[in-house]
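Visitor: Quick one: the structure is below, and I'll ask about it shortly.
Taken together, the values in this text are just the output of simple stated rules run on the coordinates, not laboratory data. Since this is a predicted model, take the numbers as computed values, not measurements. Heads up, the Cβs are rebuilt from the backbone with ideal geometry, glycines too, and the neighbour counts pull from every protein chain shown.
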Amino acid sequence: MALNLASSLNPICTNIGVTIGSLTASIGIRYIKLAQIGWLGCGYALIGVLGSMILLKALKRSNSKS
């Protein structure tokens with residue numbers, strides 16, 4: 001059941017990510033040069049890494065309790 005849910009959410013989350021990235025880049029291009037747009041992507045990558053680290057930490061805590 002969980003695998004089916006994850007498989008159905010994967011394309012939806014991908015499309016949301018592309019939409020948010022495109023929106024951020026199109027707004028950012030007004031304020032920074034085109035050569036600097038990559039830094040916006042770097043910011044999202046850091047948010048993703050931090051989020052993954054937090055989730056892993058929470059998973060380790062929940063596994064140690066059980």
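Visitor: Here are the criteria: (1) surrounded by 10 or more Cβ atoms within 10 Å (Cβ to Cβ); (2) part of a helix (DSSP H, G or I); (3) aliphatic (A, V, I, L, M); (4) without any contact (Cβ under 8 Å) to a residue 12 or more places away in the chain. Tell me which single one Leu5 does not satisfy.
Guide: Of the numbered conditions (1) surrounded by 10 or more Cβ atoms within 10 Å (Cβ to Cβ); (2) part of a helix (DSSP H, G or I); (3) aliphatic (A, V, I, L, M); (4) without any contact (Cβ under 8 Å) to a residue 12 or more places away in the chain, the odd one out for Leu5 is (1).
Visitor: Select from segment 37-60 the residues that are part of a helix (DSSP H, G or I) and in contact with a helix residue (DSSP H, G or I) (Cβ under 8 Å, 6 or more places away or on another chain) and list them in ascending order.
Guide: Leu40, Gly41, Tyr44 - these are the residues of segment 37-60 that are part of a helix (DSSP H, G or I) and in contact with a helix residue (DSSP H, G or I) (Cβ under 8 Å, 6 or more places away or on another chain).
Visitor: Considering segment 21-35 alone, what residues qualify as being free of Cβ contacts under 8 Å to residues at least 12 places away in the same chain and within 20 Å of the chain's Cα centre (by Cα)?
Guide: Matches in segment 21-35: Ser22, Leu23, Ser26, Ile27.
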